[in-house]
1. Hey, got the dipole for the chain? About the Cα centre, +1 on K and R Cβ, -1 on D and E Cβ, debye to the nearest 20?
2. Using only C-alpha atoms and all pairs of different ones, pull out the Kirkwood radius for the chain in Å with one decimal.
3. Report the gain in length on full extension from GLN47 to GLU99: 0.36 nm times residue separation, minus Cα-Cα distance, nm rounded to one decimal.
4. Could you compute the net charge surrounding CYS61? Neighbours are other residues with a C-beta less than 12 Å from the C-beta of CYS61; K and R count +1, D and E count -1.
5. With the dipole of segment 2-124 worked out from charges on the C-beta (+1 for Lys and Arg, -1 for Asp and Glu) around the Cα centre, which of ALA38, ILE82, MET71 lies farthest toward the positive end?
6. State the extension gain, in nm to one decimal, for the chain segment bounded by ARG113 and ALA74, taking 0.36 nm per residue of separation less the distance between their alpha-carbons.
7. How far is helix 9-27 tilted off the main Cα axis of the chain, in degrees rounded to 10, range 0 to 90?
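Just so it is clear, none of the values below were taken in a lab; they were calculated from the coordinates. Being a predicted model, the structure only gives us computed values, none of them experimental. Please note: Cβ atoms are built from the backbone with ideal geometry, for glycine as well, and neighbour counts cover all protein chains shown.
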Amino acid sequence: MTKDSFNDPESVQTAEILTRFNQVFLSHDPTALQGLVADDCVIENTQPAPDGSRHEGKAACIQLWTGIATMSGAYFETECIIARGDRGEIQWRLRWGPEHGNSVRGVNLMRVRDGQIVEALGYVKGV
């Protein structure tokens, strides 16, 4: 699922970091977040509309992502992970029921520095 657009060392590292990050949500185990999230990380979440909430700092980002990773009755399906230098994206589908209508597609646009996530902008397809 990982595509290294330029196959340069920075893109490869970014892809590895994003793959490890994505595994947190697939396994529902937020333990790895401590090593993946930078002290100055910033998240712009998908909700609430229209702009989403902003979370600044390692503790706030880990708290938000831990809540998402451990949501009861919901799970993520990874569509693809793409890395370009220090930037990458994770395309996904979040499911909370068996019907196709019980899901939403989205993407996280990420930035990595020194092996840690420093920025994550989340977007979903919606009405």
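1. 320 debye
2. On the way: mean 1/r = 0.0682 Å⁻¹.
The Cα-based Kirkwood calculation yields 14.7 Å.
3. On the way: separation 52, 0.36 × 52 = 18.72 nm, distance 2.24 nm.
Gain on stretching GLN47 to GLU99: 16.5 nm.
4. Numbers: positive: ARG54, LYS58; negative: ASP39, ASP40, GLU44, GLU56, GLU119.
Here the count lands on -3.
5. In segment 2-124, that residue is MET71.
6. Values: separation 39, 0.36 × 39 = 14.04 nm, distance 2.99 nm.
Length gained between ARG113 and ALA74: 11.1 nm.
7. 30 degrees
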